[in-house]
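The values are calculated or read from the model by the stated rules, or taken from the named source; none is laboratory data. What you see is a predicted model; the values in this text were computed from it and never measured. Cβ: placed from backbone, ideal geometry, glycine included. Neighbour counts: every protein chain shown. What goes into the accessible areas is simple: the full protein's heavy atoms, side chains included, and nothing from ligands, DNA or RNA. Shrake-Rupley method; radii C 1.70, N 1.55, O 1.52, S 1.80 Å.
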Amino acid sequence: DIQVTQFPSSLSASVGDRVAIACRASQTIRNFLNWYQQKPGKAPKLLITAASNLQSEVPSRFGGSGSGTDFTLTISGLQPEDFATYYCQQSYFTPYTFGQGTKLQI
Amino acid sequence: QVQLQESGPGLVKPSQTLSLTCAVSGASLTSGDNYWTWIRQQPGKGLEWIGYIYDNGRTSHSPSLKSRVTISADTSKNQFSLRLNSATAADSAVYYCVRGLILTGYSLDYWGQGTLVTVSS
């Protein structure tokens, strides 16, 4: 299985800050990497596909980059609604593994 | 608008079979672009990919669940199902049915609200 390591596991920030969340795969996954946002008690929401393609209706303050084994989710100008848990997921080989999650806290 | 809705027992006894169904609206199970997926999340934990069904019956599932998992589809009702045999407490989780869109390299774009299943006597 491809292991996906996400870090940090938790992150404290303030409204208006810029933050970055990293995701590393145990082998190359080209750009087959997606990012999700999950709020308590809710299903995850797809933010970014193929490492850097922002889903429609996702604010442009979210951005994704990377290829191969190293990827980054960046949020510029944090808003109150952005405080949530974020997951990356590789979709290169089954089983399509997720990172452990990053909890973004105020 | 694609919508998915899980249904099934919220309580399953250990060693019994966990069975869930997902009703899909706004998309067809027979569409080749869609991989109908099950994801679960144990309480306070991360997301775990269980498997999917696509292309009118082909399936793939996580090796970690070995032969306990069966994913099937009823195209006449536009719904798909999950069966997990020999359930244990470790299978207690929120189970989500999700659409995997192959056009974006398999991203999970539409999710059900999730259903909590507890395995306990």
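Test of understanding: among A:ILE48, A:ILE29, A:ILE75, which residue is in contact (Cβ under 8 Å) with a residue 40 or more places away in the chain, under 22 Å from A:ALA13 (Cα atoms) and not aromatic (Phe, Trp, Tyr)? Don't jump to the end; show me each part of the working.
Numbers: A:ILE48 fails: in contact (Cβ under 8 Å) with a residue 40 or more places away in the chain; A:ILE29 fails: under 22 Å from A:ALA13 (Cα atoms).
Result: A:ILE75 is the single residue among A:ILE48, A:ILE29, A:ILE75 that is in contact (Cβ under 8 Å) with a residue 40 or more places away in the chain, under 22 Å from A:ALA13 (Cα atoms) and not aromatic (Phe, Trp, Tyr).
Scan the range A:50-73 and give yes if some residue there is in contact with a Cys (Cβ under 6 Å, 6 or more places away or on another chain), surrounded by 13 or more Cβ atoms within 10 Å (Cβ to Cβ) and more than 20 Å from B:TRP111 (Cα to Cα), otherwise no.
Yes, that holds for at least one residue.
Mind listing whichever residues of the range B:19-48 are of a type in the set (A, V, I, L, M), out of contact with any Asp or Glu (no Cβ under 6 Å at 6 or more places or on another chain) and modelled with pLDDT of 95 or more?
Of everything in the range B:19-48, those that are of a type in the set (A, V, I, L, M), out of contact with any Asp or Glu (no Cβ under 6 Å at 6 or more places or on another chain) and modelled with pLDDT of 95 or more turn out to be B:ALA23, B:VAL24, B:ILE39, B:LEU47.
Can you tell me which residues in the range B:1-57 are more than 30 Å from B:SER121 (Cβ to Cβ) and among the aromatic types (Phe, Trp, Tyr)?
Answer for the range B:1-57, where residues must be more than 30 Å from B:SER121 (Cβ to Cβ) and among the aromatic types (Phe, Trp, Tyr): B:TYR35, B:TRP36, B:TYR52, B:TYR54.
If the requirement is being away from chain A (no Cβ under 14 Å) and not in a strand (DSSP E or B), which of these qualifies: B:SER81, B:SER72, B:SER76?
B:SER76
What number of residues within the range A:95-106 are open to solvent by 60 Å² or more (accessible area, probe 1.4 Å) and assigned to a loop (DSSP other than H, G, I, E, B)?
Adding up the residues that qualify gives 2.
Mind listing just one residue for me: the one in the range B:50-68 that is outside any strand (DSSP E or B) and open to solvent by less than 80 Å² (accessible area, probe 1.4 Å) and, of those, nearest to A:TYR92 (Cα to Cα)?
For the range B:50-68, the residue satisfying everything is B:SER62.
Filter the range B:90-114 down to residues that are in a loop (DSSP other than H, G, I, E, B) and modelled with pLDDT of 95 or more and give me whichever is farthest from the other protein chains (Cβ to nearest Cβ).
Once the filter is applied, the top-ranked residue is B:SER92.
Filter the range A:74-94 down to residues that are within 7 Å of another protein chain (Cβ to nearest Cβ) and either closer than 14 Å to B:LYS45 by Cα or modelled with pLDDT under 95 (or both) and give me whichever is surrounded by the most Cβ atoms within 10 Å (Cβ to Cβ).
Selected residue: A:TYR87.
Given (1) more than 17 Å from B:TRP111 (Cβ to Cβ); (2) aliphatic (A, V, I, L, M); (3) open to solvent by less than 10 Å² (accessible area, probe 1.4 Å); (4) modelled with pLDDT of 95 or more, where does B:LEU11 come up short, assuming only one miss?
Every condition holds for B:LEU11 apart from (3).
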